[in-house]
Amino acid sequence: MLTTMAKNGLDPTAPLWRAAQVFRLLSCVYATGFQIAVNPDLRRPALGWALFAVLIGWSAACAVAYLRGFGRRPAWVLAELVIVVLLMASNTIVTNPQWAADNQTWPTTLWASNPTISAAIQFGPAGGMLTGLVVMATNFAVKNYLALNLGHNATVIIELAIGLAIGMAAQTARRAHAELQQAARLTAAAQERERLSRQVHDGAIQVLALVAKKGHEIGGATAELADLASEQERALRRWLASTDVDPDTDGATVDLCVLLRRRESDRVSLSLPATPVPLGRRAGTELDAAVGNALDNVGAHAGPDAHAFVLVEDLGDSVVVSVRDDGVGIAAGRLDEAAGQGRLGISQSIVGRLASLGGTAQLHSEPGEGTEWELRVPRGEAAHGR
C-alpha cells in the first residue's frame, strides 16, 4: 500500500497546480468584468480588446500546460512572468497616464498574481516572493510613482504573502513526498529481507549447521571445515536478524554503518555510532572495500587466533575508520619487500582506494603487537562520492 502511494504520486505539487488553475479561472472572470467596465475609458479600446484576447489565450495555454504537467518547469514559469509584465506594460499605449495613476493596473493586479503563484510552486517561497516583487515593481512603473502606504494599499504585502505561503506549501509537499518514497523503499527492502530469510533458513543455514555437526563428529581434518561452517552459519543468522536497511538505497548517499555491520563475525568486532554515518555512494563503497581488504589481511597474515576490531568515528568534517588486530604484526621492511616482489595488495587496495577519495590510510604495526589501519576520508569528498 505504501509503495503504491509513493509510485502514484509522481508530482507531489500536483494538487497545488490544480488549485492554482482554479484561481486563474476566477482571476480571468474578474479581469473580464473589469475589461467590460473600463474599456470605454481606454485611450485605444480596440487595442484593449485585442490584448485582452491575448490574455485569455495565454491563460488557457497556461492552464492546459500546468494541468497536463508539461508546463511545470522553470522555462514556462519564466515565460508566464514575461507575458504578464508585457501586458501590464501595455498600459502606456492602451491608457493615458492619468487613467493609469487613478485606477488599478490593466489587466488587474488580481490576474497579474498568477505568475507569483506559479513561481512559488515551481521555485519555493524565495522564487515566489521575488516574482511578486517583479510584478509589483512593474505595477509601480506603469503608474509612474512608488506608493508604500500599507495602511491604504497592502497589495505588496499580499503579493509577498502569496509567494511565501504557497512556496512553503510546495516545499512541504515535496519534502513529505520524499519521505514517503524513502519509507516505501525501506518497506520493500524489509519485505525482501524477510523473503530471503525464509529461503536462506530453509536452505543454506540448515546445510551449514549439518556440515558443522557432522564435521565435529568426524573430527580430524574435517573439524576445521566444521568450524568454518559454524562461523558462516552464525554470520548468516546475524545478518538475517539485523534490522539495518540502507535508507537511501536509490539515492546518492549510503550509511557506512549499514555496510560495515555486514562484516561482523566471530573474529571481527564492530564499534559503530548510534546514528547513521552518511557518505557519498562511491566513497562509502570504496571505504567499505578498503576495510574489507584490511580484514582479509588479518585473516591471512595476523595468525589463527587474531581478533580484529573496527571503530567508526564521524568527526563532522571527516570520517575515520580504525581497523586494529591483536595478531603477530608486520616486521619492519616487510611491506617494502612485498612491493619489490610485485605484491601491491596493500598499496593499491587500501592506500590507493583512500587516495582516490582524497583521504589517507596510515598503518601502525610492530612485531608481536598487532596492526592498526587508520582510514580517513574528508567529509566534503565523502559527501559527494568523488
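Would you check if there is a residue in the range 115-136 being at pLDDT below 90 and either of a type in the set (G, A, S) or closer than 25 Å to T32 by Cα (or both)? No, every residue in the range 115-136 fails to be at pLDDT below 90 and either of a type in the set (G, A, S) or closer than 25 Å to T32 by Cα (or both).
Here is a yes/no grid of residues against (1) touching a residue at least 24 places away in the same chain (Cβ under 8 Å); (2) within 30 Å of V328 (Cα to Cα); (3) in contact with a strand residue (DSSP E or B) (Cβ under 9 Å, 6 or more places away or on another chain):
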| residue | (1), (2), (3) |
| --- | --- |
| T253 | yes, no, yes |
| L260 | yes, yes, yes |
| D266 | yes, yes, no |
| A274 | no, no, no |
| L279 | yes, no, yes |
| A300 | no, yes, no |
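Identify, from the list S349, S318, the residue that is assigned by TED's automatic domain parsing to the domain that holds T253, at pLDDT below 90 and surrounded by 14 or more Cβ atoms within 10 Å (Cβ to Cβ). Just one listed residue meets the conditions, S349. Taking the range 245-278 as the range and being among the β-branched types (V, I, T), surrounded by 16 or more Cβ atoms within 10 Å (Cβ to Cβ), modelled with pLDDT of 85 or more and outside any strand (DSSP E or B) as the test, the residues that pass are V258, V277. Would you confirm whether any residue within the range 30-37 is assigned to a helix (DSSP H, G or I), among the aromatic types (F, W, Y) and within 20 Å of I166 (Cα to Cα)? Scanning the range 30-37 turns up no residue that is assigned to a helix (DSSP H, G or I), among the aromatic types (F, W, Y) and within 20 Å of I166 (Cα to Cα). The residue list E233, E224 contains one member that is buried (at least 18 other Cβ atoms within 10 Å of the Cβ), out of contact with any Lys or Arg (no Cβ under 8 Å at 6 or more places or on another chain) and at pLDDT below 85, which is E233.
Taking interchain pairs and intrachain pairs at least six residues apart, which have beta carbon atoms under 7 angstrom, with the first residue in the range 363-386 and on the phi > 0 side of the Ramachandran plot and the second surrounded by fewer than 17 Cβ atoms within 10 Å (Cβ to Cβ) and at pLDDT below 85? Listed by first residue and then by second, the contacts come to G385/A252. Picking from residues in the range 358-371 that are at pLDDT 90 or above and outside any strand (DSSP E or B), the one that is surrounded by the fewest Cβ atoms within 10 Å (Cβ to Cβ) is G358. At least 3 residues being farther than 26 Å from A50 by Cβ is the threshold, and among the helices (runs of 4 or more DSSP H) wholly inside the range 84-175 those reaching it are 114-123, 125-143. Cβ separations smaller than 9 Å between residues 6+ apart or across chains give the following pairs from the range 54-68 residues that are in the same structural domain as L78 (by TED's automatic domain parsing) to residues that are surrounded by fewer than 14 Cβ atoms within 10 Å (Cβ to Cβ) and outside any helix (DSSP H, G or I): V64/F70. Out of A188, A184, A178, A241, one residue alone is aliphatic (A, V, I, L, M) and modelled with pLDDT under 80. It is A241. Among the residues of the range 38-77, those identified as in contact with a Ser or Thr (Cβ under 6 Å, 6 or more places away or on another chain) and assigned to a helix (DSSP H, G or I) are L51, V77. Annotation note: of R376, R343, R334, the sole residue that is buried (at least 16 other Cβ atoms within 10 Å of the Cβ) and either at pLDDT 90 or above or under 29 Å from L228 (Cβ atoms) (or both) is R376. The set of residues in the range 69-89 being surrounded by 14 or more Cβ atoms within 10 Å (Cβ to Cβ), under 16 Å from A141 (Cβ atoms) and free of Cβ contacts under 8 Å to residues at least 40 places away in the same chain consists of L87 alone.
The values are calculated or read from the model by the stated rules, or taken from the named source; none is laboratory data. Note that this is a predicted model, so its numbers are computed, not measured. Note that we place each Cβ from the backbone using ideal geometry, even for glycine, and neighbour counts take in every protein chain shown.
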